[in-house]
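Chemist: Here it is: the structure, laid out below.
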Amino acid sequence: MAAEADAARERVLAARTELATEVERLQASARAAVDIPAKVRRHPAQVAAAVGGVGFLALGGPRRLFRRVKSTIVGPDQPLPESMLPEEIEKALKRLGTDGERVRGTLERDFADYLKVSQKRRGPALRQTLYYAVTLPLIRRGGKLAVDWLLQPDQRAAQIEELRSRLRTRGDQLADEPQTSDLAADTEAGPR
């Protein structure tokens, strides 16, 4: 039993030693990864190239380079027309690009699309305007009369009572009429 315990102790001590060396190597690699001045001293050309590439991208170098190559191949862009547009519109035009012909074409296409859409909307809008111009005053007047009638309970009760009396009178008249009309029909038909 003592021999097994000694063997287990030896394995634990060996594992500890192995762990300590791994931790030392890990610490050394972490220090080396963070030690930027040492990397710069070891590889100055690569660091300079990386810094230059980042600066090139940050300052918009690819876009400038593309414009310059395009202007040498195709020719310079047409200048934008001088105008007295509001500042927001000028900014929007500049965002469209520097090629005056392309910007002009884009604006013409967009304006043509706008005209097509507004022409389609103009028909129903005129019809609706005329419809509302005629019906809106009628609806307002009817609504006002209805509200006035509902908010005046004394008049409403009197009007309801008046309607009831008219209906009773009419009902009485209708009740009398069939009898007289039956007699008139019988008299006109003559003896059977």
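Chemist: Somewhere in the range 55-75, is a residue in contact (Cβ under 8 Å) with a residue 24 or more places away in the chain and part of a helix (DSSP H, G or I)?
Modeler: Scanning the range 55-75, I find at least one residue that is in contact (Cβ under 8 Å) with a residue 24 or more places away in the chain and part of a helix (DSSP H, G or I), so the answer is yes.
Chemist: Quick check, is Arg9 basic (Lys, Arg) and over 60 Å from the mean Cα position of the chain (by Cα)?
Modeler: Taking the combined requirement at face value, the residue satisfies it.
So that you can scan it fast, the table gives a plain yes or no per residue for (1) at positive phi; (2) modelled with pLDDT of 85 or more:
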position	(1), (2)
Thr17	no, yes
Gly60	yes, no
Arg68	no, yes
Ile73	no, yes
Leu80	no, no
Arg122	no, no
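Chemist: Report yes if some residue within the range 54-69 is surrounded by 10 or more Cβ atoms within 10 Å (Cβ to Cβ), more than 30 Å from Gly100 (Cβ to Cβ) and not assigned by TED's automatic domain parsing to the domain that holds Asp99; otherwise report no.
Modeler: Within the range 54-69, one or more residues are surrounded by 10 or more Cβ atoms within 10 Å (Cβ to Cβ), more than 30 Å from Gly100 (Cβ to Cβ) and not assigned by TED's automatic domain parsing to the domain that holds Asp99.
The values are calculated or read from the model by the stated rules, or taken from the named source; none is laboratory data. What you are looking at is a predicted structure, and each value in this text was computed from that prediction instead of being measured. No Cβ is skipped: glycine too gets one built from the backbone with ideal geometry, and neighbour counts run over all protein chains shown.
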